[in-house]
Amino acid sequence: MVDDVAAAFDETPASYGTGGDFHTRYAQALVRHAQVPPGASVLDVATGTAPAAIAAAQIVGEAGAVTGVDISAGMLAHARRNVAASGAGNVTLIEANGARLPFDAGLFDTVLCSSSLVWFPDIRAALQEWRRVLRPGGRIAFSTMAASALPLGTLFRAHLRGYGIEFPDLNEPLNTPEKCRRTVRAAGLGRVTVGTARFDLVLENVEAAVNAGSFPLMADPEGIDSWLRSARQPVSLWASLRRRIPIAVPLTSRQLARLDQEFRAEVAHLVTPQGVPNPLNALFVVAES
Ligand SMILES: C[S@@+](CC[C@H](N)C(=O)[O-])C[C@H]1O[C@@H](n2cnc3c(N)ncnc32)[C@H](O)[C@@H]1O
């Protein structure tokens, strides 16, 4: 299963997590919430293209060190380029499953996980594993999306529901402060705080908004069936991996075309002079071992 997640992220474009894009701002916000101290030894789980690792490296300085792990070789290739471009000399990148870390107990002062914990099939077990590698009194900090985040996706799921398709929300297990607190405490962590931030993402036009809400269904000429079946599409993994839902989508191409049309019409109502808003309300959870 983690092989499929890795394959999905191997396809991620090179632009992901670079420069001023929102992944970078989102990851930098997590590092601020974690209050990483200079000189600390930091682990960034599911580092992706390394935006959190690079932000942490700048804070810990030469006296500290950052290790980034990810299961996707493709993401790590982008990460290596980004780390080199940042000039950080204190970042090590390792290909590994973040739920079974190749590290001894008690090694790290801080474990970060930026916008990735929901991808782990057993969230509590992942947190327990991170706790294992944390020194006593060390900190775990992760970010996740609130229930109100990315309303275009919510709207699209509502449309699918109209066709009898209950499409699961990947973020559902951690989409409120209460769920985060409960999960973190169940993993044996304490002193939990949950911070919030809003990223005002805006899609430039209806086309971009339809794609963001329904990606990549509408762009896929084979339709929803192949979209949901394809293990190389992250969204299909939301359905098939996380929840292990058997995929059976009873939509004809005519229904699919109607769904597309209806969703497009609804998105068109949301256009403002700036574009189509799709705000991301983030939660930042910090806990101690
Ligand atoms: C949405 S990206 C976030 C990447 C990065 N942390 C950021 O803030 O941009 C999710 C990342 O989680 C990684 N991932 C998913 N499951 C993983 C696992 N079990 N172990 C390690 N990495 C994993 C993926 O390969 C991908 O790079």
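Go over the candidates 55, 99 one by one and state the one that is at pLDDT 95 or above and part of a helix (DSSP H, G or I). Walk me through it before giving the result.
Values: 99 fails: part of a helix (DSSP H, G or I).
Exactly one of 55, 99 is at pLDDT 95 or above and part of a helix (DSSP H, G or I), namely 55.
Would you pick out the residues in the stretch 77-100 that are more than 8 Å from the ligand (Cβ to nearest atom) and touching a strand residue (DSSP E or B) at 6+ places or on another chain (Cβ under 7 Å)? I'd like the intermediate steps shown before the answer.
Narrowing the stretch 77-100 to residues more than 8 Å from the ligand (Cβ to nearest atom): 77-95, 100.
Scanning the stretch 77-100 gives 79, 80, 83, 90, 91, 92, 93, 94, 95.
When the residues of the stretch 113-122 are narrowed to those that are surrounded by 22 or more Cβ atoms within 10 Å (Cβ to Cβ) and among the hydrophobic types (A, V, I, L, M, F, W, C), which ends up farthest from the ligand (Cβ to nearest atom)?
Taking the candidates together, the pick is 117.
Would you check if residue 47 is closer than 20 Å to residue 285 by Cα, modelled with pLDDT under 95 and surrounded by 19 or more Cβ atoms within 10 Å (Cβ to Cβ)? Don't jump to the end; show me each part of the working.
Values: closer than 20 Å to residue 285 by Cα: yes; modelled with pLDDT under 95: no; surrounded by 19 or more Cβ atoms within 10 Å (Cβ to Cβ): yes.
Here the answer is no, as residue 47 does not meet what is asked.
Here is a check on your reading of the model: is residue 143 within 16 Å of residue 30 (Cα to Cα) and part of a loop (DSSP other than H, G, I, E, B)?
Answer is no for this residue.
The values are calculated or read from the model by the stated rules, or taken from the named source; none is laboratory data. Just so you know, these numbers come straight off a predicted model, no measurement behind them. Methodologically, a virtual Cβ is constructed for each residue, glycine included, from the backbone with ideal geometry; neighbour enumeration extends over all protein chains shown.
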